[in-house]
1. Being under 21 Å from SER78 (Cβ atoms), without any contact (Cβ under 8 Å) to a residue 60 or more places away in the chain and hydrophobic (A, V, I, L, M, F, W, C) is the filter here, so list the residues in region 117-143 that pass it.
2. Look at region 81-98 and say how many of its residues are among the charged types (D, E, K, R), more than 24 Å from ALA121 (Cα to Cα) and either at pLDDT below 75 or surrounded by 10 or more Cβ atoms within 10 Å (Cβ to Cβ) (or both).
3. Check off (1) assigned to a loop (DSSP other than H, G, I, E, B); (2) modelled with pLDDT of 90 or more; (3) not hydroxyl-bearing (Ser, Thr, Tyr) for PHE6 and give me the number that stays unchecked.
4. List the residue pairs whose Cβ atoms are under 9 Å apart, where the first residue sits in region 96-110 and is over 23 Å from ILE45 (Cβ atoms), the second is assigned to a strand (DSSP E or B) and not β-branched (Val, Ile, Thr), and the two are 6 or more positions apart or on different chains.
5. Right, GLU13: outside any helix (DSSP H, G or I), acidic (Asp, Glu) and at pLDDT below 80 or not?
6. Considering only residues of region 53-80 that are free of Cβ contacts under 8 Å to residues at least 40 places away in the same chain, surrounded by 13 or more Cβ atoms within 10 Å (Cβ to Cβ) and of a type outside the set (Ser, Thr, Tyr), which is nearest to GLU109 (Cα to Cα)?
7. Could you pull out the residue among ILE108, ILE70, ILE77, ILE66 that is touching a helix residue (DSSP H, G or I) at 6+ places or on another chain (Cβ under 7 Å), at pLDDT 75 or above, over 30 Å from ALA142 (Cα atoms) and β-branched (Val, Ile, Thr)?
8. Is one or more of the residues making up region 129-137 closer than 21 Å to THR39 by Cβ, surrounded by 15 or more Cβ atoms within 10 Å (Cβ to Cβ) and out of contact with any Lys or Arg (no Cβ under 9 Å at 6 or more places or on another chain)?
Amino acid sequence: MSDLFFSTDLLGEFDRLQRQMASVFAGFPASLRATRSETFPPVNIGSTDDSVEIVAFAPGLDPAAIDVSIDKGLLTISGERKPPGHEADDETRVYARERFMGAFRRVIELPPHADPDKVSARYANGCLTVSVGRSEASKPRAIAVQ
């Protein structure tokens, strides 16, 4: 005889767990929920009354080697992170490597109120900050009560 006993329907419990997990992640944009934890570059996404702000953490990159584009509501950040020169030593045996190296591409779905004609990008202190303006119709405004 088995020592295991399930007092409830096991598949029902999995359905309940899946619903609970979906409710936990309901507040995050779909583009962030679908990424793996080791995705490069990691990003923070937020908004102000005037813009959507995307900050990509990508230290050690040449700003001229980063490509940023918007097409059909998708912001794409791509480039390549090259290995530092001191890792070229043939006598060094690597036991662990946590720093990402190689080509990368990150695609982020923008909200419908983002205006692709109002975009700026700057790179400072290892952070790429992309600011996408909001359309005028979506900006909050005060209504005078008469």
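1. VAL119, ALA121, ALA124
2. The total comes to 3.
3. Failing condition for PHE6: (2).
4. Short answer, once both residue conditions are applied: ARG99/ARG81; MET101/GLU80; MET101/ARG81; GLY102/GLU80; GLY102/ARG81.
5. No.
6. LEU74
7. Exactly one of ILE108, ILE70, ILE77, ILE66 is touching a helix residue (DSSP H, G or I) at 6+ places or on another chain (Cβ under 7 Å), at pLDDT 75 or above, over 30 Å from ALA142 (Cα atoms) and β-branched (Val, Ile, Thr), namely ILE108.
8. No, region 129-137 contains no residue that is closer than 21 Å to THR39 by Cβ, surrounded by 15 or more Cβ atoms within 10 Å (Cβ to Cβ) and out of contact with any Lys or Arg (no Cβ under 9 Å at 6 or more places or on another chain).
The values are calculated or read from the model by the stated rules, or taken from the named source; none is laboratory data. Quantities reported herein were computed from a predicted structural model and do not represent experimental measurements. Please note: Cβ atoms are built from the backbone with ideal geometry, for glycine as well, and neighbour counts cover all protein chains shown.
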